[in-house]
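The values are calculated or read from the model by the stated rules, or taken from the named source; none is laboratory data. Just so it is clear, the structure is predicted and the values come from calculations on it, not from any experiment. So basically every Cβ, Gly included, is an ideal-geometry build from the backbone, and we count neighbours across all protein chains shown.
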Amino acid sequence: MSTPTSGTGTATHPLDLTRARLAVTVAFVVQGVCFAALVTRIPTLQSRFDLSDGELGLMVGLVPIVAGIGSVVAGALSPRHGSRIVLRVMGPVTPLGLVVIGFAQSIPMLILGMVVVGIGLGSVDASMNIQGVRVQDDLGHSVVASYYAAFSLAGLVGAVLASFAADSALSLGGFFLAIAVVVVPFQLLVGRLLLPGHPTPDVVQSEKGHISWRPVILVGIALMCVYIADSGASNWSAVYLNDGLGSSESTAALAYGVYAFMTMVGRIVVDRYVDRIGPVPLVRIGGFIAVAAALALAVAPSPALALVAFGILGLGICPAIPLAFSAAASHDKAASGVAVARVNVFNYAGFVVGAPLIGGIAEGVGLRWAFAALVPVLLVVPLLAGWFRIAPHEAPDTVVDGAVTA
């Protein structure tokens, strides 16, 4: 790990790092709340627009496609302008996109809202992970999993709020608007605490800035498989319990909450154990647990047992996601953020594959077989766990504030 440095190459005060870590955590919390609020109300959108499982899969699949584009753009902008600027500008886009979705009365308006949310998710995911691994590198110990623990906790809160909203007289638009009114001011308030600065062009272009793409890509493939499963839990857990197992809509909304809760529990301890035993054993063990959970979902006879299986699935996949970004960043010697942003694209590739895959199989033979199809997908994770080994990383001290001129 490197000596803490500020945007001008001077030593960073520990208080600055503490504040920056808080600001990054807020970004993850907002993403978690917004994402959970959307996915747990998917049955409402399906009912409002009379969408089949296949049509819903295509609609949901639009979000990660657009998000992948947003992530690539954020990865291109961060080395030139800094991830702080990208994150501050794009942060409010996700909650505002939710408002568009909530008040949509037509398919074109719904598609517009999905596109806006996708752009916000992709650009914010990339830039907040770039900021997160930079704070981690300056602190000198693993903290990235704690951001994802906060994301999971926020997802739990969002799912519980969605469950209450589903049983209340509050409209979907009113629910999403209330979320935006609460979270956007927090985003604007803490954005100034993010770490400024980014590598100078000569550092990015130098041999030190060379990125080892082979390990980054293999880690990305494992991450993609994890997100195919995550797509199933996020987008189809409520539908599975409601339509497949006959639960009430409020109980169905809790499925993602259980998944998020167990993911959070696992991530709370990941940072502690990754510094003790390393990332590879954590990812490998978690992968096998996730495989067992997918099998349990496929044979679950009741909503209660399905809730347990979703919780086990969350526990199993929880180490791989944060550790993928740490591994990718360690192969980007200029700390440009490009490797982190590119690995993030595999996140959305998983959703692009996962949402239509689950929906298509569900339309043909039912959601039980759709979740059974996750078993071979998740087996890829323990097989590629060895590539999650974090290479020695020294972030560059030569960084600048503001835009970089060519």
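Counting just the residues of segment 51-61 that are aliphatic (A, V, I, L, M) and assigned to a helix (DSSP H, G or I), which one comes out farthest from Val133 (Cα to Cα)?
Step one: filter segment 51-61 for residues aliphatic (A, V, I, L, M), giving 51, 56, 58-60.
Going one step further and asking which of them are assigned to a helix (DSSP H, G or I), we end up with 56, 58-60.
Numbers: Leu56: 35, Leu58: 33, Met59: 32, Val60: 29 Å.
So the residue we want is Leu56.
Taking only segment 280-314 into account, find how many residues are of a type outside the set (Gly, Ala, Ser) and over 28 Å from Ser250 (Cα atoms). First the steps, then the outcome.
First, pick out the residues of segment 280-314 that are of a type outside the set (Gly, Ala, Ser): 280-285, 288-289, 291, 295, 297, 299, 301, 303, 305, 307-308, 310, 312-313.
So of that shortlist, the ones also over 28 Å from Ser250 (Cα atoms) come out as 280-285, 288.
Qualifying residue count, segment 280-314: 7.
Here is a check on your reading of the model: is Ile289 modelled with pLDDT of 90 or more and out of contact with any helix residue (DSSP H, G or I) (no Cβ under 7 Å at 6 or more places or on another chain)? No. Can you confirm whether segment 175-185 contains a residue that is touching a residue at least 60 places away in the same chain (Cβ under 8 Å) and either polar (S, T, N, Q) or in contact with a Ser or Thr (Cβ under 7 Å, 6 or more places away or on another chain) (or both)? No.
Checking each residue of segment 207-218 against the condition of being crowded, with 22+ Cβ neighbours inside 10 Å and either modelled with pLDDT under 80 or under 14 Å from the mean Cα position of the chain (by Cα) (or both) gives no match.
Of all residue pairs spaced 6 or more apart or on separate chains, those with beta-carbon atoms under 7 Å, a first member in segment 145-168 that is β-branched (Val, Ile, Thr) and a second member that is crowded, with 23+ Cβ neighbours inside 10 Å are Val157/Val33; Val160/Gly257.
Annotation: of all residues in segment 124-148 being surrounded by 24 or more Cβ atoms within 10 Å (Cβ to Cβ) and among the small types (Gly, Ala, Ser), the one that is farthest from Gly314 (Cα to Cα) is Ser127. State yes or no: is Ala229 within 17 Å of the chain's Cα centre (by Cα), modelled with pLDDT of 85 or more and among the small types (Gly, Ala, Ser)? It is true that Ala229 is within 17 Å of the chain's Cα centre (by Cα), modelled with pLDDT of 85 or more and among the small types (Gly, Ala, Ser).
Out of the residues in segment 86-105 that are outside any loop (DSSP other than H, G, I, E, B) and among the small types (Gly, Ala, Ser), which is nearest to Thr44 (Cα to Cα)? I'd like the intermediate steps shown before the answer.
To start, the set of residues in segment 86-105 that are outside any loop (DSSP other than H, G, I, E, B) comprises 86-90, 93-103.
Then keep just the ones that are among the small types (Gly, Ala, Ser); that gives 97, 102.
Values: Gly97: 17, Gly102: 10 Å.
Top of the filtered list is Gly102.
Out of Gly158, Gly122, Gly132, Gly173, one residue alone is under 18 Å from the mean Cα position of the chain (by Cα), assigned to a helix (DSSP H, G or I), modelled with pLDDT under 90 and not basic (Lys, Arg). It is Gly158.
Residues are listed down the side, and each one gets a yes or a no for (1) at pLDDT below 85; (2) surrounded by fewer than 20 Cβ atoms within 10 Å (Cβ to Cβ); (3) outside any helix (DSSP H, G or I):
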| residue | (1), (2), (3) |
| --- | --- |
| Gly316 | no, no, no |
| Ala327 | no, no, no |
| Asn344 | no, no, no |
| Val353 | yes, yes, no |
| Ile390 | yes, yes, yes |
| Glu394 | yes, yes, yes |
| Gly402 | yes, yes, yes |
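Among residues of segment 357-388 being at pLDDT 85 or above and in a loop (DSSP other than H, G, I, E, B), the one that is farthest from the chain's Cα centre (by Cα) is Ala373. Among residues of segment 359-386 that are more than 17 Å from Ala293 (Cβ to Cβ), those with a Cβ under 7 angstrom from a residue that is among the polar types (S, T, N, Q) and surrounded by fewer than 16 Cβ atoms within 10 Å (Cβ to Cβ), sequence gap 6+ or separate chain, pair up as Glu363/Ser52.
Does Ala309 meet the test of being without any contact (Cβ under 8 Å) to a residue 60 or more places away in the chain and of a type in the set (Gly, Ala, Ser)?
Numbers: without any contact (Cβ under 8 Å) to a residue 60 or more places away in the chain: yes; of a type in the set (Gly, Ala, Ser): yes.
The answer is yes for Ala309.
Looking for whichever is buried (at least 19 other Cβ atoms within 10 Å of the Cβ) and either in contact (Cβ under 8 Å) with a residue 24 or more places away in the chain or out of contact with any Lys or Arg (no Cβ under 7 Å at 6 or more places or on another chain) (or both) here; the options are Val89, Val26, Val73. Which one fits? Reasoning before the result, please.
On the way: Val89 fails: buried (at least 19 other Cβ atoms within 10 Å of the Cβ); Val73 fails: buried (at least 19 other Cβ atoms within 10 Å of the Cβ).
When all the criteria are applied, what remains is Val26.
Return a yes/no flag: does segment 32-50 have any residue that is more than 23 Å from Phe186 (Cβ to Cβ), over 17 Å from the mean Cα position of the chain (by Cα), in a loop (DSSP other than H, G, I, E, B) and at pLDDT 85 or above. Yes; the residues of segment 32-50 include at least one that is more than 23 Å from Phe186 (Cβ to Cβ), over 17 Å from the mean Cα position of the chain (by Cα), in a loop (DSSP other than H, G, I, E, B) and at pLDDT 85 or above.
Any idea which of Pro79, Pro64 is part of a helix (DSSP H, G or I) and in contact with a strand residue (DSSP E or B) (Cβ under 8 Å, 6 or more places away or on another chain)?
Working: Pro64 fails: in contact with a strand residue (DSSP E or B) (Cβ under 8 Å, 6 or more places away or on another chain).
Only one candidate passes the filter, namely Pro79.
With the checklist (1) buried (at least 24 other Cβ atoms within 10 Å of the Cβ); (2) of a type in the set (Val, Ile, Thr); (3) closer than 27 Å to Ile42 by Cα in hand, flag the one item Ile119 doesn't pass. Answer for Ile119: the failing condition is (1).
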